[in-house]
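Some notes on the structure that comes next.
The values are calculated or read from the model by the stated rules, or taken from the named source; none is laboratory data. Because the structure is a prediction, the values reported are computed rather than measured. Cβ coordinates were reconstructed from backbone atoms using ideal geometry, including for glycine residues, and neighbour counts include every protein chain displayed.
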Amino acid sequence: MRAGLALQVFSVEARKLMSYRTDFWINTVAVFAAKMVVAYYLWTAVFAESGRTTIGGFTQDGMILYYLLAILIGRVVSGGERQMSISQDIYQGSLTRYLIYPTGYGAIKYVEHLGTLVPSLLQLVLFSGVASLLFDFSQLGAVTFASLLRTAVAVAVGNVLLFLMLYVIQGVAFWADNVWSLQVMLRFITSMLGGLMLPLDLFPAWARQILEILPFQTLYYFPVMTLLGRIDTGEWLRTLAVALVWCAMIGGVAHIVWRRGYREYTGVGI
Amino acid sequence: MIQAEGLSKTFFVHRKEPGLWGSVKSLVKRTKEPRHAVRGVSFHVGPGEIVGLVGANGAGKTTVVKMLAGIIVPTAGRARVLGYDPWLRDNRMRAQIALIMGQKAQLWWDLPAADCFLLLREIYQIPRQRFDEGLAYLAETLDVDQQLNVQIRRLSLGERMKMELIAALLHSPRVCFLDEPTIGLDLTAQRAIREFLLRYRQDHQPAMLLTSHYMEDIERLCKRILIIRRGELVFDGPLAEVAERYAQHKMVAVELSHEVDRQQLARELEGLGEILPPEEGHEADLGLRLRTPRAQVAALAGRLLQLLPVTDLSIEEEEIGNIIARIMQEREDENENEEGDEE
Ligand SMILES: Nc1ncnc2c1ncn2[C@@H]1O[C@H](COP(=O)(O)OP(=O)(O)OP(=O)(O)O)[C@@H](O)[C@H]1O
Ligand SMILES: [Mg+2]
């Protein structure tokens, strides 16, 4: 897709989201606060009960920090949860216009998806600022330009990967009446196995080995651990390579699903 | 520029029995039923031509348009638009076509029209100057320049349709598919859109395929029409020929000074003409309308003057809309039996 078009789609989407001001302030702040409060009290209690100083290699503060970053970075990886609009386009026939325009649907949707990240990025900066007043961030250690860059790469790859997974799942709308349940399932699996619900270090060793070849850890665990400086260069490169292979594979599946799907499309509504 | 050869489309619809039990059953076993929406339709549309595609509800007009615009894949047959197979959706073809659907908003619902147009400028890579001039011209002619910054969803139906029209024509398409572009519009707006389309044709010589249920649209815009009935093309020719070929009748209308017994009159006019049922709302009227074979007009008029207390008498061509409606109807009667097993 050309840059001019991408920019236009991007800006439209970002502006649209920013115009939902109530959602931006009330909903996201509330959700963020709720998740943080739960994580905070849960882990404080766990540490107190067990009497241990580290769990899975995390100290209590380290654990809280992990959650903080996972939630904030997670929003940048998963975007504004607006991917449902793809299946709606199929059900309601709005896909039709993109079939008429000389441009690819997937590309437009991905740029739109990027547009939804603008508020998430804003929140990332804002909330981590607020949180730095409440928590002790000294353990973050040396955040260098290089580590930030690596984190950015990890986030970008995670973002593409998750979009591709959603693009496949949403494409099921060509055949099935309701992809909602599939989407919920995917969200559960990705949060569970991707490190959003808990750091993957807490899984037993055999499970970790499997998780390392699955695509999910790239989504949340990988960028957060990169930022925390807990992944060495060799491992980072290896994880990135696995993620890229998955991107290619899921991208291929998406291509096939959509090419078949278009044959099923009947452009309802007219 | 538009070619269809033997185009057919069969949809498969899942039959679901109504009610809860039906839903449960459909979980286990779903029956697919074929619905032949379009059957072997062939026609051509050349540059500068506006061809009307008419037919009853569900006749298959929209399905034909969808196949030609590359939205759905034909079950059989061949389509070519500007030399391309529409289903392959080549960008070079898509940059030169437009689809306007009166029943479905294409523009982005929560953006102002101006933003939609900017997106389209990028999508079609319209040079800035040409875009600005084109937009100014279109918005002014359609009288919507005041509404450009209003969200699409807040526009009235007519205003929205005009925006859709602008959006579809900004890139000066050479092939336009117009599916009921005037549906739901008031008479002024309908006229504005018609005039606008005529002017667009004059300036750009596009090939246009137009569907509409308003005869006025067809009569004003189309020199040639296609009549489609239950997915089959039953007429393809000049609009003028429809009247010549199918209007073997004329309409005779008389005004009477007092009422007469219609049944008795019908017997007396046996073979001369047929009394049409009174128009709605004119039940106990003193007016009488008859349809008569062209050759019998004089005889019928004479007989009427002789038999009835006539105060006024007029002879007219049958309305083109009625003729078309009848063509659709007649064919339906003809084919009723042979297709009985299918429905
Ligand atoms: N997506 C679909 N799935 C199943 N059947 C369909 C679908 N779309 C259309 N049909 C059927 O195909 C036939 C033709 O529909 P189509 O929309 O082409 O009619 P139309 O001539 O445009 O009618 P109208 O004047 O009401 O717009 C109808 O019987 C309709 O029920
Ligand atoms: Mg239709």
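Brief remarks follow.
- Of all residues in segment B:199-245, those that are more than 30 Å from residue B:10 (Cβ to Cβ) and among the aromatic types (Phe, Trp, Tyr) total 1.
- Counted residues, segment B:118-151 - those being under 20 Å from residue A:15 (Cα atoms) and within 11 Å of chain A (Cβ to nearest Cβ): 7
- Condition met for residue B:70 (modelled with pLDDT under 95, within 16 Å of ligand 2 (Cβ to nearest atom) and of a type outside the set (Asp, Glu)): no
- For segment B:108-178, no helices (runs of 4 or more DSSP H) sit wholly inside it while including 2 or more residues that are surrounded by fewer than 15 Cβ atoms within 10 Å (Cβ to Cβ) and in contact with a strand residue (DSSP E or B) (Cβ under 8 Å, 6 or more places away or on another chain).
- Residue list for segment B:244-265, restricted to those being surrounded by 13 or more Cβ atoms within 10 Å (Cβ to Cβ) and free of Cβ contacts under 8 Å to residues at least 24 places away in the same chain: B:245
- Flag for residue B:141 being more than 22 Å from residue A:98 (Cα to Cα) and more than 20 Å from the chain's Cα centre (by Cα): yes
- Condition met for residue B:104 (within 16 Å of ligand 1 (Cβ to nearest atom) and either outside any loop (DSSP other than H, G, I, E, B) or not aromatic (Phe, Trp, Tyr) (or both)): yes
- All of (1) away from chain A (no Cβ under 14 Å); (2) within 17 Å of residue B:61 (Cβ to Cβ); (3) of a type outside the set (Ser, Thr, Tyr) hold for residue B:181 with one exception: (1).
- Within the set A:227, A:219, A:244, the sole residue that is surrounded by fewer than 19 Cβ atoms within 10 Å (Cβ to Cβ), hydrophobic (A, V, I, L, M, F, W, C) and either within 16 Å of ligand 1 (Cβ to nearest atom) or at negative phi (or both) turns out to be A:244.
- Among the residues of segment B:186-214, the ones that are within 16 Å of ligand 2 (Cβ to nearest atom) and over 9 Å from residue B:52 (Cα atoms) come to 2 in all.
- Reported count of residues in segment A:39-64, each being of a type in the set (S, T, N, Q), part of a helix (DSSP H, G or I) and surrounded by 11 or more Cβ atoms within 10 Å (Cβ to Cβ), is 2.
- Restricted to helices (runs of 4 or more DSSP H) entirely inside segment A:154-270, those with at least 2 residues that are of a type in the set (Asp, Glu) are A:233-264.
- Screening residue B:56 on (1) of a type outside the set (S, T, N, Q); (2) surrounded by fewer than 21 Cβ atoms within 10 Å (Cβ to Cβ); (3) within 16 Å of ligand 1 (Cβ to nearest atom); (4) part of a strand (DSSP E or B) shows it passes everything except condition (4).
- Within segment B:73-109, being among the aliphatic types (A, V, I, L, M) and more than 9 Å from chain A (Cβ to nearest Cβ) holds for B:76, B:79, B:81, B:82, B:88, B:100.
- Options B:45, B:24; residue that is surrounded by 22 or more Cβ atoms within 10 Å (Cβ to Cβ), more than 14 Å from ligand 1 (Cβ to nearest atom) and away from chain A (no Cβ under 14 Å): B:45
Residues checked against (1) surrounded by fewer than 19 Cβ atoms within 10 Å (Cβ to Cβ); (2) at pLDDT 85 or above; (3) away from every other protein chain (no Cβ under 14 Å):
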{"site": "A:91", "(1), (2), (3)": "yes, yes, no"}
{"site": "A:110", "(1), (2), (3)": "no, yes, yes"}
{"site": "A:121", "(1), (2), (3)": "yes, no, yes"}
{"site": "A:126", "(1), (2), (3)": "yes, no, yes"}
{"site": "A:129", "(1), (2), (3)": "yes, no, yes"}
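- Cβ-Cβ distances below 6 Å connect the following pairs, each with a first residue in segment B:1-18 that is under 14 Å from residue B:76 (Cα atoms) and within 16 Å of ligand 1 (Cβ to nearest atom), a second residue that is in a strand (DSSP E or B) and hydroxyl-bearing (Ser, Thr, Tyr), and a separation of six or more residues or different chains: B:4/B:42.
- Single match in B:61, B:32 (criterion: without any contact (Cβ under 8 Å) to a residue 40 or more places away in the chain and either of a type outside the set (S, T, N, Q) or away from ligand 1 (no atom under 16 Å from the Cβ) (or both)): B:32
One line per residue, one yes/no per condition, for (1) among the small types (Gly, Ala, Ser); (2) within 21 Å of residue A:64 (Cα to Cα); (3) free of Cβ contacts under 8 Å to residues at least 12 places away in the same chain:
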position: A:196; (1), (2), (3): no, yes, no
position: A:201; (1), (2), (3): no, yes, no
position: A:209; (1), (2), (3): no, no, yes
position: A:220; (1), (2), (3): no, yes, no
position: A:227; (1), (2), (3): no, yes, no
position: A:236; (1), (2), (3): no, no, no
position: A:239; (1), (2), (3): no, no, no
position: A:242; (1), (2), (3): no, no, no
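- Matching residues in segment B:179-196 - criterion: being surrounded by fewer than 23 Cβ atoms within 10 Å (Cβ to Cβ), outside any helix (DSSP H, G or I) and not charged (D, E, K, R): B:183, B:184, B:185
- For residue A:59: the one exception among (1) more than 15 Å from the chain's Cα centre (by Cα); (2) touching a residue at least 40 places away in the same chain (Cβ under 8 Å); (3) within 30 Å of residue B:93 (Cα to Cα): (3)
- Among all positions in segment A:65-86, there is at least one residue which is closer than 28 Å to residue B:98 by Cβ and either more than 14 Å from chain B (Cβ to nearest Cβ) or surrounded by 18 or more Cβ atoms within 10 Å (Cβ to Cβ) (or both).
- Every condition in (1) surrounded by fewer than 22 Cβ atoms within 10 Å (Cβ to Cβ); (2) over 15 Å from residue B:164 (Cβ atoms) is met by residue B:105 except one, and the failing one is (2).
- Residue B:96 vs. criteria within 16 Å of ligand 1 (Cβ to nearest atom) and touching a strand residue (DSSP E or B) at 6+ places or on another chain (Cβ under 8 Å): no
- Within segment A:157-178, residues that are of a type in the set (Ser, Thr, Tyr) sit with their Cβ atoms under 8 Å from residues that are part of a helix (DSSP H, G or I), at 6+ positions apart or across chains, in these pairs: A:167/A:86; A:167/A:106; A:167/A:109; A:167/A:254; A:167/A:258.
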